[in-house]
Structures are given as C-alpha cells and as structure tokens.
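Participant: Can you read through this structure? Questions will come right after.
The values are calculated or read from the model by the stated rules, or taken from the named source; none is laboratory data. Small disclaimer: the values here were computed from a predicted structure and weren't measured. Positions of Cβ are backbone-derived with ideal geometry, glycine not excepted, and every protein chain shown enters the neighbour counts.
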Amino acid sequence: MQKQNFDNPDFSFLAGILSVFLCVIFGSNAVAIKLAFAGLGVFTTAAIRFSIAALAIFLWARLTGQTIGLKKGQLYQVLILAALFAIQLSMFYFGLSKSNASRGTLIANLVPFWVLFLAHIFIPGDRITGRKFLGILLGFSGVAFMFAETKGVTAGFRVAELIILLATFIWACNVIYLKRIIAGFSPFQITLYSMVFSVPIFFLEALLWDAPMVTQLDSKIIGALLYQSLVTAAFGFVAWNTLLQKYGAVALHSFIFIMPISGVALGGLVLGEPITVKILTALALIVAGILVVHLKPRKGEPVYPIRKGI
C-alpha cells in the first residue's frame, strides 16, 4: 500500500476544489436515494445502483490497465467484505426509507467515530487520545440532539434510525477489517468486488421484500439512480482514490466535515425536510467532532481511508 504523505506540501488549489466537490456529492447521496424510492423498491434501488456502478468501475479498470484478478487466499477476504457491505447497505437503505435524508446523513457521519472506538480495541497501538475522545463525544452528542427532535418525526422513525445507527457500526467494522487486509489489494479491487458479490444479495432482497420492485420511472427517478451509480459510486470512487493515492488520507479527511452539511442542507432544500434548531445543533456538534478528530493530527497518526458514498 502506498505510504501516506502526512505533510502534503503539493496539495493544489484544484485538488482542494475537487475534494470539496466530492464531499458535497457524497453528502448529498442520501437525498438521491430518497428521490429514487419514489419509483423503485428499497432493495431494488440498491441492486440497480451497484450493478451500474460495478460495471462502470470494471470498464474504467480495463481501460486503465488495472489488475483485476485476485491472488490466492484473497477470495474469502473479499467475500467477508461483500457480506458486511451488503448488510450495512441493506440496513441503511431500509432505515432511510422510513426516515429523512438529513437525519440519515447525520447518523451516517458517526462512522469515523465508531472506527476510532473499534481501532482502540482491535488495532495495536491505535489508542483513543484525549482529542479523539472529545471528537467522539461531540459526534454522539450531535446524534443525541437529533433524536431529541420530534418535529416531522412520524411513526417508525425511531426504529428506522436505530437500524441506520446499527448500519454505521457494521460499516465501521468493515473499515477495521479492511485496515487489516488492505495491503494486499488495490483500492478499486476492494470496491469492485464488494459491489459484484453484494449485488445478487440486493436482488434477492428485492424479490423477497420489494412489492412491487418498480412502481414508476420518470426522468427524476432515473436521474437520481444514475447520480447514485455514476456520480457518487463510480466517478466519486475513482476521483477520491486518485486524490487519496496522490495526497494521502490526512489532506482529504480535512474536508469531510462538508458531507453532513451538504446532506442536511440538500435534504431541506430538495426534499423539504424540517431543518430545526435541534437538527442544526446536531449538525454543528457532528461537524465539530469531525474537525477535532481530523484536523492537524499528530505526524504519523493513522487516518483511515473510509470508503465514501454510502
């Protein structure tokens, strides 16, 4: 695995603009998912999205001469990753179908804090420092404020959001497992095989629980689906990992506080979701927690390259 550059002296203005843009599109993905739900079943949306994204990434890999084949002993590792990927996405999509995009985005941004907690237990030498503990406290306090908001909350919201919360924990488990095996893989292999092996699970879930799988298709629904598939999951993956390989995780993670901001803002603007004082307080606390954890870490301190665009 390429050594990260923690100083990143050559991080250009254009790279910064692209990083901001990627964080905005990743943060807005929950809004696109909610728009697609208007005409597609929950699991049908996931199945189609990741089928298109996997095909796009496969074609990109072939065009750029990337190595696709797995080495001996790697198949079971990617199957574990794919199983975790399918579980976390299935739970996130189902929970999001019963909640708001803005609230789902806030919960999804707990993943970095779960990762810090799990790394303390499972990654030797990666301890929770005072700064990390403050960041975790701020992040979870933000979600507590969100749960305290009752305006616009309908029946089933609480259960749905607890499901999303559990999905973020599983996502963090995925990140920790990935940290232990990633040296033997390229970033695109991890994403491609996670999608390829999880798509059949999404289609099976769609056949079992989406009734019907498709209710209507119009330009808005198709556009939302293509946005998730080609913009966030395909282009977003290629662009993010290109920047990651060139500049390192520290530089890119300095921008991820933009994700919850864009998700909450677009949830209000596009979907008309209520953006109340408690929601804004929750957003402020989560953003503060992200900034505390990721801005100016000590030299050599690990920053996990979490895959974006849930």
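Participant: Please specify each residue of region 118-142 satisfying the condition of being in contact (Cβ under 8 Å) with a residue 40 or more places away in the chain and within 18 Å of residue 178 (Cβ to Cβ).
Facilitator: Within region 118-142, 118, 119, 122, 123, 126 meet the criteria.
Participant: Let me ask another. Quick one: residue 76 ticks every box in (1) of a type outside the set (Asp, Glu); (2) under 29 Å from residue 45 (Cα atoms); (3) in contact (Cβ under 8 Å) with a residue 40 or more places away in the chain except a single one, so which number is it?
Facilitator: Failed condition: (3).
Participant: Could you grab the pairs with beta carbons closer than 7 Å, sequence gap of 6+ or different chains, first residue in region 195-211 and under 26 Å from residue 59 (Cβ atoms), second one crowded, with 20+ Cβ neighbours inside 10 Å and of a type in the set (Val, Ile, Thr)?
Facilitator: As it stands, the answer is 197/78; 206/44, since those pairs meet every condition given.
Condition check ((1) buried (at least 18 other Cβ atoms within 10 Å of the Cβ); (2) charged (D, E, K, R); (3) touching a helix residue (DSSP H, G or I) at 6+ places or on another chain (Cβ under 7 Å)) across all residues:
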| site | (1), (2), (3) |
| --- | --- |
| 198 | yes, no, yes |
| 205 | yes, yes, yes |
| 219 | no, no, no |
| 222 | no, no, no |
| 233 | yes, no, yes |
| 241 | yes, no, yes |
| 245 | no, no, no |
| 253 | yes, no, yes |
| 259 | yes, no, yes |
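Participant: Could you check residue 84 against (1) within 15 Å of the chain's Cα centre (by Cα); (2) not in a helix (DSSP H, G or I) and say which number it fails?
Facilitator: (2)
Participant: I would also like to ask the following. Condition first: more than 15 Å from residue 50 (Cβ to Cβ), in contact (Cβ under 8 Å) with a residue 12 or more places away in the chain and over 16 Å from the mean Cα position of the chain (by Cα). Now tell me which residues in region 224-249 satisfy that.
Facilitator: 243, 245, 246, 247, 248
Participant: Run down 178, 204 and say which single residue is among the hydrophobic types (A, V, I, L, M, F, W, C), under 18 Å from the mean Cα position of the chain (by Cα) and on the phi < 0 side of the Ramachandran plot. Talk me through it step by step, then tell me what you get.
Facilitator: On the way: 204 fails: under 18 Å from the mean Cα position of the chain (by Cα).
After ruling out the rest, the residue left standing is 178.
Okay, residues lined up against (1) in contact with a strand residue (DSSP E or B) (Cβ under 9 Å, 6 or more places away or on another chain); (2) surrounded by 15 or more Cβ atoms within 10 Å (Cβ to Cβ); (3) under 16 Å from residue 292 (Cα atoms):
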position: 114; (1), (2), (3): no, yes, yes
position: 120; (1), (2), (3): no, yes, no
position: 124; (1), (2), (3): no, no, no
position: 132; (1), (2), (3): no, yes, yes
position: 138; (1), (2), (3): no, yes, yes
position: 142; (1), (2), (3): no, yes, yes
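Participant: On to the next question. Would you check if residue 282 is modelled with pLDDT of 95 or more, within 30 Å of residue 148 (Cβ to Cβ), surrounded by fewer than 20 Cβ atoms within 10 Å (Cβ to Cβ) and small (Gly, Ala, Ser)?
Facilitator: So residue 282 does not fit the description; no.
Participant: Go through region 23-62 and report how many residues are closer than 22 Å to residue 99 by Cα and among the aliphatic types (A, V, I, L, M).
Facilitator: The number of residues fulfilling the criteria is 14.
Participant: Suppose the filter is surrounded by fewer than 23 Cβ atoms within 10 Å (Cβ to Cβ), modelled with pLDDT of 95 or more and within 18 Å of residue 269 (Cα to Cα); does residue 35 pass it? Write out each step before concluding.
Facilitator: Details: surrounded by fewer than 23 Cβ atoms within 10 Å (Cβ to Cβ): yes; modelled with pLDDT of 95 or more: yes; within 18 Å of residue 269 (Cα to Cα): yes.
Here the answer is yes, as residue 35 does meet what is asked.
Participant: Just the residues that are farther than 20 Å from residue 117 by Cβ and out of contact with any Ser or Thr (no Cβ under 7 Å at 6 or more places or on another chain), please, taken from region 141-169.
Facilitator: In the first step, residues of region 141-169 are kept if they are farther than 20 Å from residue 117 by Cβ; the result is 148-160.
Of everything in region 141-169, those that are farther than 20 Å from residue 117 by Cβ and out of contact with any Ser or Thr (no Cβ under 7 Å at 6 or more places or on another chain) turn out to be 148, 150, 152, 153, 154, 155, 156, 158, 159.
Participant: Taking the residues in region 144-167 that are among the small types (Gly, Ala, Ser) and buried (at least 17 other Cβ atoms within 10 Å of the Cβ) as candidates, determine which candidate is modelled with the highest pLDDT. Explain how you work it out, then say what you get.
Facilitator: Kept after step one, since they are among the small types (Gly, Ala, Ser), are these residues of region 144-167: 144, 148, 152, 155-156, 160, 167.
Now drop any that are not buried (at least 17 other Cβ atoms within 10 Å of the Cβ), which leaves 160, 167.
Working: 160: 94, 167: 97.
Filtering first and then ranking leaves 167.
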